Amino acid sequence: MKNHHPQTQIDHLVVAARSLDEGVAWCEATLGITPQAGGEHEQFGTHNRLFKIATPRYPMAYFEIIAIHPAASAHKRKTKKRWFDLDDPALQASIAQEPRLIHFVVNTTDIQFASNTWKAQDLDTGPVVQAQRQSDKGPLQWQITVRQDGQRLLAGTLPTLIQWGKPDDAEPMRLHPRNSLPRSGVSLQNITVTHPAADALKTAYEAVDLKDIAISEGEANISAYLQTPKGLVVLHSRGI
């Protein structure tokens, strides 16, 4: 029987770039490191670069730089719009200026329960989709919530839900990216969220047992505090 008190924690931060080359250049200039190779998400028309940012407070955390794959085949896409609002004109205009933090993803031990819980709070993160990409350790598989319109909710402050592995996988975290990524020199110290609907966000986070993210009322924003070779760097989403 599934555990109906899912454990949920930070999985990864999402920085969107107009191209992966721009994302890598931004990462080197801003954080002082070069991200590792990632892979292609054929069903969503994107590709990525990754690096580990895990700390005792956020033990599974890694960092994703994502961009639309220029050679992606449209007929392989599973949704009309790409995930993480990457087809949104306002977001595209923003990342044309420079790559930026747009979202974060949390992993949970029972994605269907967590998704249904949020849906009951009028927060529909979309159906649970089985996804995969190739990695040097073999096929990397996960379940993730993706809306058909590709939208993030509450300006990205309500995270996307992910559950690693196939349904009922005996070792779902075995190929988690954090396990194969080397130490990067960048570590996540803190993450905070502000939003006009702070109370609704607090209720949503508590319902899936998501902790270690301070929420307060204000303009929509995610702030990620990162210790880097360039010192403490704070990234902000600023409502994008």
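The values are calculated or read from the model by the stated rules, or taken from the named source; none is laboratory data. Please read these numbers as outputs of a predicted model, since none were measured by experiment. In this analysis, Cβ positions are derived from the backbone assuming ideal geometry, glycine residues included, and neighbour counts consider all displayed protein chains. These area figures cover heavy atoms from the full protein model, side chains too; ligands, DNA and RNA do not enter into them. Shrake-Rupley method; radii C 1.70, N 1.55, O 1.52, S 1.80 Å.
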Of the trypsin sites (Lys or Arg not before Pro) in region 125-201, which ones lie in a loop per DSSP and count no more than 10 other C-beta atoms within 10 Å? Arg183
What residues from region 81-122 fall in the zone where the backbone N is under 11 Å from a label point 7 Å along the Cα-to-C-beta line of Glu22? 92-100
Counting only other residues whose beta carbon sits under 12 Å from that of Ile222, what net charge do I get with K and R as +1, D and E as -1? +2
Residues other than Pro139 with Cβ under 13 Å of its Cβ, Lys/Arg counted +1 and Asp/Glu -1, net out at 0
Report, to the nearest whole %, how much of the accessible area of the chain belongs to carbon and sulfur atoms, 1.4 Å probe, protein only. 48
Antiparallel bridge percentage (DSSP; both residues within region 97-240; nearest 5): 80
Using the Cα centre as the reference, give the magnitude of the dipole from point charges on the C-beta atoms of the chain (Lys, Arg: +1; Asp, Glu: -1; all else neutral), rounded to the nearest 20 debye. 420
Qualifying GluC sites (Glu not before Pro) in region 151-240, DSSP loop, other Cβ atoms within 10 Å at most 10: Glu219
Which one of His12, His69, Leu31 is farthest out on the positive end of the charge dipole of region 1-97, using unit charges on Cβ (Lys, Arg +1; Asp, Glu -1) and the Cα centre as origin? His12
Determine, for the chain, the count of lysine pairs separated by eight or more sequence positions (or lying on different chains) whose alpha-carbon distance falls under 16 Å. 4
How large is the charge dipole for region 128-240, taken about the Cα centre, if only the Cβ atoms of Lys, Arg (+1) and Asp, Glu (-1) carry charge, to the nearest 20 debye? 480
Could you sort 90-101, 188-199 so that the peptide with the highest average Cβ count within 10 Å comes first and the rest follow in order? 188-199, 90-101
Per residue Cα convex hull volume in Å³ - calculated over the chain: 118
Antiparallel content of DSSP bridges confined to region 1-160, in %, to 5: 80
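Do any trypsin sites (Lys or Arg not before Pro) in region 1-87 lie in a DSSP loop with no more than 12 other beta carbon atoms within 10 Å, and if so, which?
Lys2, Lys80
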Find which of Pro159, Ala198, Trp118 sits farthest along the positive direction of the dipole of region 112-240, computed with +1 on the beta-carbon of Lys and Arg, -1 on that of Asp and Glu, about the Cα centre. Pro159
Give me the one-decimal nm value for the distance between modelled label points at Glu217 and Ala200, 7 Å along each residue's Cα-to-Cβ direction. 1.4
Label point 7 Å out from Thr55 along Cα-to-Cβ: which residues of region 221-240 have amide N under 16 Å? 223-236
Quick one: net charge around Gly239, please, counting Lys, Arg +1 and Asp, Glu -1 for every other residue with C-beta under 15 Å from its C-beta. -1
Alpha-carbon Rg/Rh ratio, for region 133-189, with Rh computed the Kirkwood way: 1.03
